[in-house]
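Chemist: My questions will all concern the structure given below.
What follows is calculated from the coordinates using simple rules that are stated; it is not laboratory data. For clarity, every value in this text was computed on a predicted model and none was experimentally measured. Methodologically, a virtual Cβ is constructed for each residue, glycine included, from the backbone with ideal geometry; neighbour enumeration extends over all protein chains shown.
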Amino acid sequence: MLLDTASLYFRAFFGVPEITAPDGTPVNAVRGLLDFISRLVGDYRPSDLVCCWDDDWRPQWRVDLLPTYKAHRVVAERAGAPDVEEVPDPLEVQVPIIREVLDAFGICVVGAPGYEADDVIGSLATQARQPVDVVTGDRDLFQLVDDDRDVRVLYIARGVGNHERVTNDWVRTKYGIDARQYADFATLRGDASDGLPGVAGIGEKTAATLLGRFPDMDAIIAAAADPDADMGPGPRGKIKAAAAYLEVAPQVVAVARDLDLGSPDTRLPAEPRDLARVAELGTRWGIESPVQRLTDVLCAG
């Protein structure tokens, strides 16, 4: 089970009522994330669990290709260092606590310099030799769904307790394309939340129609340039007009699948790695109940 950790703790922050530790520090995201993990582990009993991390939420190599990428989320730019993401202050102070608690439990956290959690997920899912569940609220990761390799997405847009199990049939029913085409679909359609403009005048329906007629972006671009290809004048003109965007956007949207992440110990712990530290953190941050719930779930395995 691969967790898109930021997706989960953002959801916890905005979905769990404000709760503070004894010293006044907000801890609703910490509590929510721990309870999400407890529920997912209890329901699915994965053999391995990885909290995938954004070591760089807006990699420079993606910005170099497409300057609008996540540009609307930047609150500060630092020369020679990653841009600063707009994160509510009450959430930002909780992220180090989350890391500390995960470490005490012995839950594997994996990131990669210069890459997003999506790229870590893509690489671990692609290189795995066992079935994989990806937990995320990000549609971009639908591109990883692969029924033949038993890779699916547990999509939490409607809540962790009401998530959807995304398979290729689910993607085809929802969008009229195969999961392997999703990155090209998103490139054509665009995604305002990522600063991805898409091809002007092409929405979901036209994008799906094009991908039903041509298997991938390369074939669509080639067809637009071929006067004998089965493509109407409207879409043909729009694809041609977006040539510069389509030259770079597919590389931005596609998640990395070949990162060398070493050999982290991804096994789900059968009990907290450091019981004394877990208990101390629970008391310090006023999160005794979610800590106990996660401890009970781990020990029940």
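Chemist: Quick one: of the DSSP bridges fully inside the chain, what percent are antiparallel, nearest 5? Walk me through the intermediate numbers first.
Modeler: Values: 10 of 23 bridges.
Close to 45 percent.
Chemist: If you don't mind, there's one more thing I want to ask. After finding the eigenvalues of the alpha carbon gyration tensor for the range 243-301, what semi-axes result from the square roots of 5 times each, listed largest first in whole Å? Mind showing how you got there, number by number?
Modeler: Working: eigenvalues 341, 53, 24 Å².
In descending order, the three semi-axes are 41, 16, 11 Å.
Chemist: Work out from phi, with θ = phi - 60° and the Karplus expression 6.51 cos²θ - 1.76 cosθ + 1.60, the ³J(HN,Hα) of each residue of the range 167-177, listed in order in whole Hz, and give x for Gly and Pro.
Modeler: 10, 4, 4, 4, 5, 5, 5, 6, 10, x, 9
Chemist: Straight distance only, please: which aspartates and glutamates reach the Cα of Lys240 with their own Cα at less than 13 Å, same-chain residues fewer than 8 apart left out?
Modeler: In chain and number order, the partners are Asp218, Asp226.
Chemist: Just how many % of Cα pairs in the range 1-160 lie over 18 Å apart, if you round to the nearest whole percent? Write out the running numbers ahead of the final one.
Modeler: Working: 7833 of 12720 pairs.
Considering the range 1-160, 62 percent of its Cα-Cα pairs are separated by more than 18 Å.
Chemist: Using only Cα atoms, what is the ratio of the radius of gyration of the chain to 2.2 N^0.38 Å?
Modeler: On the way: Rg = 20.8 Å, N = 301, 2.2 N^0.38 = 19.2 Å.
After normalising by residue count via 2.2 N^0.38 Å, the value is 1.08.
Chemist: Between Asp216 and Gln130, with labels modelled 7 Å along Cα→Cβ, what's the label distance in nm to one decimal, could you check?
Modeler: 3.0
Chemist: Could I ask something else about it? What ranking do 25-37, 184-196 get when scored by the average of other Cβ atoms within 10 Å per residue, highest first?
Modeler: Packing order, densest peptide first, comes out as 25-37, 184-196.
Chemist: Please work out the Kirkwood hydrodynamic radius for the range 82-219, using every pair of different C-alpha atoms, and report it in angstroms with one decimal place.
Modeler: Numbers: mean 1/r = 0.0588 Å⁻¹.
Final number for the Kirkwood radius of the range 82-219 is 17.0 Å.
Chemist: Over the residues of the range 179-253, compute the C-alpha Rg and express it relative to 2.2 N^0.38 Å.
Modeler: 0.98
Chemist: When DSSP assigns beta bridges and you keep just the ones with both residues in the range 1-142, what percent turn out antiparallel, to the nearest 5?
Modeler: Looking only at bridges with both residues in the range 1-142, the antiparallel portion is about 35 percent.
Chemist: Please give every one of the lysines within straight-line cross-link reach of Lys174, meaning a C-alpha to C-alpha distance under 22 Å, and leave out same-chain neighbours fewer than 8 residues apart.
Modeler: Once the sequence-local lysines are set aside, what remains near Lys174 is Lys205.
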